[in-house]
Amino acid sequence: VDSASSMFIISHNQPDVDAIIIGCDEITRDGSAINKIGSLDISLAAKYAGKPLYVATSLLKLDLSAEDFEPVIELRDAHEVWEDAPDGLEIANPAFEKVPHSLITGFITEVGVVVPQEVLIRAKDNYPWMKGY
């Protein structure tokens, strides 16, 4: 199950993990990744275990809309967590989270492996229409 992934990354009693690969719904200008909830936990476990973390994605997922991008995280209905929650209980059910560029070893892309610091440059080099941003 997804919630056990950190155990496999960190534990020495399980099959050895050489590297971790996650997906990505969006790339920010600073080389961070926006992905499903749980990705940050996996990324932190990789950092703790000294294992490289790669993000498999296309450079076309780069969001050029803002210089200092902080994503608006979709909050899903609280009923998905607890259908009959007590009145007054506030439940947060975020769908996505940001994996900081400092936790990412590289992006596995259509142009090869790109380090986070070079995502914007490599995207603009390979997709000329992005140069105006």
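Among the residues of the range 8-20, are any in a strand (DSSP E or B) and either open to solvent by less than 50 Å² (accessible area, probe 1.4 Å) or closer than 17 Å to residue 104 by Cα (or both)? Yes, the range 8-20 has at least one match. Candidates are the residues of the range 59-79 that are assigned to a loop (DSSP other than H, G, I, E, B) and among the charged types (D, E, K, R); the one that is least open to solvent (accessible area, probe 1.4 Å) is 63. All of (1) open to solvent by less than 50 Å² (accessible area, probe 1.4 Å); (2) modelled with pLDDT of 95 or more hold for residue 108 with one exception: (1).
For the range 80-130, the candidate set comprises residues that are outside any helix (DSSP H, G or I) and of a type in the set (D, E, K, R); within that set, the residue that is farthest from the chain's Cα centre (by Cα) is 87.
Here is a yes/no grid of residues against (1) touching a strand residue (DSSP E or B) at 6+ places or on another chain (Cβ under 9 Å); (2) open to solvent by less than 90 Å² (accessible area, probe 1.4 Å):
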site: 38; (1), (2): yes, yes
site: 45; (1), (2): yes, yes
site: 54; (1), (2): yes, yes
site: 57; (1), (2): yes, yes
site: 88; (1), (2): no, yes
site: 95; (1), (2): yes, yes
site: 117; (1), (2): no, no
site: 130; (1), (2): yes, yes
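Is the range 110-133 home to any residue that is polar (S, T, N, Q) and under 18 Å from residue 25 (Cα atoms)? First the steps, then the outcome.
Going residue by residue through the range 110-133, those that are polar (S, T, N, Q) are 117, 126.
Adding the requirement that they be under 18 Å from residue 25 (Cα atoms) leaves none.
No; the residues of the range 110-133 include none that is polar (S, T, N, Q) and under 18 Å from residue 25 (Cα atoms).
The values are calculated or read from the model by the stated rules, or taken from the named source; none is laboratory data. Not measured: the values here are computed from a predicted model. Methodologically, a virtual Cβ is constructed for each residue, glycine included, from the backbone with ideal geometry; neighbour enumeration extends over all protein chains shown. Heads up: the accessible areas ignore ligands, DNA and RNA and are worked out on the full protein's heavy atoms, side chains in. Shrake-Rupley method; radii C 1.70, N 1.55, O 1.52, S 1.80 Å.
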